[in-house]
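Take a look at the structure set out below.
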Amino acid sequence: MTRFSDLNLNTSILKALSEQSYKTPTPIQQQAIPHILTGNDFLGIAQTGTGKTAAFVLPLLHRLSEDRTSKNWHLPRSIILTPTRELAAQIHKKLKDYGKYLKLTYGVIFGGVNEKPQIHMLHKGVDVLVATPGRFLDLLQQKCFSLKYVQCCVLDEADRMLDMGFLPDIERIVKQLPQCRQTLLFSATLPKAIEHLSDQFLNHPVRIDITPPATASKDVEQSLFFVQKSQKQELLRNILKHDACRRVLVFTRTKFAADRVCKGLKKGEVASSAIHGDKSQRERERALNKFKLGTIRVLVATDVASRGIDVADITHVINYDLPEEPHGYVHRIGRTGRAGNRGCAFSFCDSEEKSLLKHIEKCIQKEIPVTSAKVFWPDFEPIRVPESEKTKKTPRARFYNAKFARKKRSSA
Ligand code: AMP
């Protein structure tokens with residue numbers, strides 16, 4: 001069995017890891033760390049929850065701590081770009097945890113908060129800078145820092161950055177980096193655009209696939225409930241009555257739905273909070289902290305806001321609405337069943353979402369087992385939907401239908 005001490009990491013890093021009670025490296029860590037230590041470019045296909053943050057942070061810290069050549073204390077030598085503020089804050093925390101015994105400095109910048117403290121921090125100087133792309137470019141254009149000493153650039157959750165429309169920002173940033181650098185790209189999935197990004201900016205990368213794209217963890221028990229839209233709130237309330245639902249993450253497609261679900265839960269006296277793009281950074285952090293501490297046991301989130309949620313022991317993920325992007329299903333349910341724990345993923349599907357379901361099942365290459373809503377809600381009665389309503393589709397579902405039809409035609 002590989003141990004961290006077999007990976008040739010600096011003893012100060014090993015000491016910090018033992019304080020984190022990490023005993024053995026996860027598969028992505030075992031495979032990535034030796035390659036990244038040698039200075040190779042790296043393309044890692046791995047979901048969150050696999051330990052991928054440490055897979056790039058540990059060798060990055062090691063290389064910086066060994067670097068005796070170009071120490072310029074005022075400018076970043078490594079940058080880590082990540083899609084959301086929560087994820088940026090989380091990576092920053094990991095840097096401080098794993099690198100606490102190294103003489104290195106770590107900073108984080110993201111939008112939605114006052115930029116002044118971030119500018120002050122940049123003027124003082126940092127070795128490793130974690131950032132979301134928008135604020136990064138803002139402060140770069142204001143000349144708060146320069147990229148001329150960057151030796152390593154990490155693009156984390158690249159597929160998510162793509163989904164969120166950050167691709168042009170990423171391209172602008174990477175084009176300004178020194179030619180001679182190491183580039184590490186991590187993504188949960190490998191759509192064509194990410195392959196293109198890799199071809200464009202990575203130099204003969206070592207490629208490691210830890211999980212095939214769109215593979216749901218086997219530690220997550222998945223169930224599907226056929227209900228109508230008007231019944232979802234009641235089913236959710238009934239499910240939440242069960243003691244096993246100790247820490248529950250509910251996903252909705254829209255910000256509006258997230259707020260409405262929260263309001264509905266309040267009426268049923270279930271304490272919950274919503275996090276989505278319209279909430280301020282402070283509101284999001286407060287909600288996330290309450291969820292982590294167990295002050296509230298239900299957090300309602302949209303996909304975009306969910307990315308940084310690394311909360312241990314989420315017992316249930318409930319897809320109140322099915323995601324419009326099939327891979328989103330895998331991301332969502334990957335929030336539970338982490339670090340060896342078992343988790344449950346319940347998905348509600350109404351008559352308008354059946355085509356989304358079809359695409360999800362195609363993507364995960366399995367049918368999600370159906371459970372009757374009566375199991376949780378004894379008075380549940382299915383509502384009959386007129387035939388004409390059954391074929392109604394959301395615009396996104398129509399888009400995916402057209403896409404799959406095109407694919408079918410071209411492979412025929
Ligand atoms: P990540 O995929 O980076 O979001 O990591 C998921 C969780 O696993 C985080 O809470 C990490 O602290 C934890 N973790 C990462 N590596 C290890 C390890 N080798 N042993 C135990 N836990 C780990």
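The values are calculated or read from the model by the stated rules, or taken from the named source; none is laboratory data. As the structure is a prediction and not an experimental result, all values here were calculated from the model. Cβ sites come from the backbone with ideal geometry, for glycine too, and all protein chains shown count toward neighbours. Please note that ligands, DNA and RNA were not included when accessible areas were found on the heavy atoms of the full protein model with its side chains. Shrake-Rupley method; radii C 1.70, N 1.55, O 1.52, S 1.80 Å.
Some values worked out for this structure:
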{"quantity": "Hydrodynamic radius by Kirkwood, which averages 1/r over all alpha carbon pairs of the chain, in angstrom", "calculated": "22.6"}
{"quantity": "Dipole magnitude of the chain, debye to nearest 20 (Cβ charges: Lys/Arg +1, Asp/Glu -1, about Cα centre)", "calculated": "420"}
{"quantity": "At q = 0.09, 0.20 Å⁻¹, base-10 log of I(q)/I(0) for the range 161-300 (Debye sum, equal scatterers on each alpha carbon)", "calculated": "-0.46, -1.19"}
{"quantity": "Residue among 273, 251, 226 farthest towards the positive dipole end of the range 221-362, charges placed on Cβ", "calculated": "273"}
{"quantity": "Acute angle (nearest 10 degrees) that the helix 281-293 long axis makes with the longest principal axis of the chain, alpha-carbon atoms", "calculated": "70"}
{"quantity": "The chain, accessible area per residue, ligands and nucleic acids excluded (1.4 Å, Å²)", "calculated": "47"}
{"quantity": "Heavy-atom accessible surface of the chain: percent carbon and sulfur, 1.4 Å", "calculated": "51"}
{"quantity": "Lysines whose Cα lies under 16 Å from that of residue 175, excluding same-chain neighbours fewer than 8 positions away", "calculated": "148"}
{"quantity": "Segment residue 342-residue 146, length gained on full extension (0.36 nm per residue, minus Cα span)", "calculated": "66.1 nm"}
{"quantity": "Candidates 81, 197, 60: whichever shows maximal mean-square fluctuation once the chain is modelled as a Gaussian network with Cα springs under 10 Å", "calculated": "197"}
{"quantity": "R0 of 35 Å, Cβ-Cβ distance residue 97-residue 372: FRET efficiency to nearest 0.05", "calculated": "0.20"}
{"quantity": "Given 192/218; 52/229; 218/358; 52/267; 232/362, the pairs whose alpha carbons are separated by over 29 Å", "calculated": "52/229; 52/267"}
{"quantity": "Projected-area average for the range 220-387 over all orientations - Cα convex hull basis, square nanometres", "calculated": "9.6"}
{"quantity": "0 to 90° range, to nearest 10: angle between helix 354-364 axis and the chain longest Cα axis", "calculated": "40"}
{"quantity": "Virtual paramagnetic centre 7 Å along Cα→Cβ of residue 242, amide N under 12 Å, in the range 352-374", "calculated": "371-374"}
{"quantity": "Amide H within-cut-off set for residue 80, under 5 Å, with H built and near neighbours excluded", "calculated": "129, 130, 131, 154"}
{"quantity": "Among 42, 363, 378 - extreme Cα towards positive end, dipole of the chain, charges at beta-carbon", "calculated": "378"}
{"quantity": "Proportion of all alpha-carbon pairs of the range 4-209 beyond 24 Å (%)", "calculated": "35"}
